[in-house]
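The values are calculated or read from the model by the stated rules, or taken from the named source; none is laboratory data. Given the structure is predicted, the values throughout are model-derived calculations rather than measurements. Surface areas here come from the heavy atoms of the whole protein model, side chains and all, with no ligands, DNA or RNA. Shrake-Rupley method; radii C 1.70, N 1.55, O 1.52, S 1.80 Å.
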Amino acid sequence: MDVSYSIDGGAFVTITDFNGNGTTHHTLIPYYVSGGAGSAPYFPDDTVTQTGLTGSTLVIKVRFQNWSGDEFFYIDNIIVTGN
């Protein structure tokens, strides 16, 4: 899963390796619960945050990679605060 943002129409910047749960190229990656044939990927239960941004407009982009017809991802509680 990748979370990116653009400020004032600039290029998108990807938040990488959030809280050590991603990689140098991705915000969050799933981990696998071992269990033989029942092994499945799970995303960490985390809240991605970014501080120190300055600008007038903000665009947030969230991307998931999905190879299966029976996988669903949901996003909720997007909160943006500022002064």
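Stretching the chain fully between Tyr74 and Ile60 yields a gain of 3.5 nm (0.36 nm per residue, less the alpha carbon separation). Accessible area of Phe64 (1.4 Å probe, protein heavy atoms only, ligands and nucleic acids ignored): about 70 Å².
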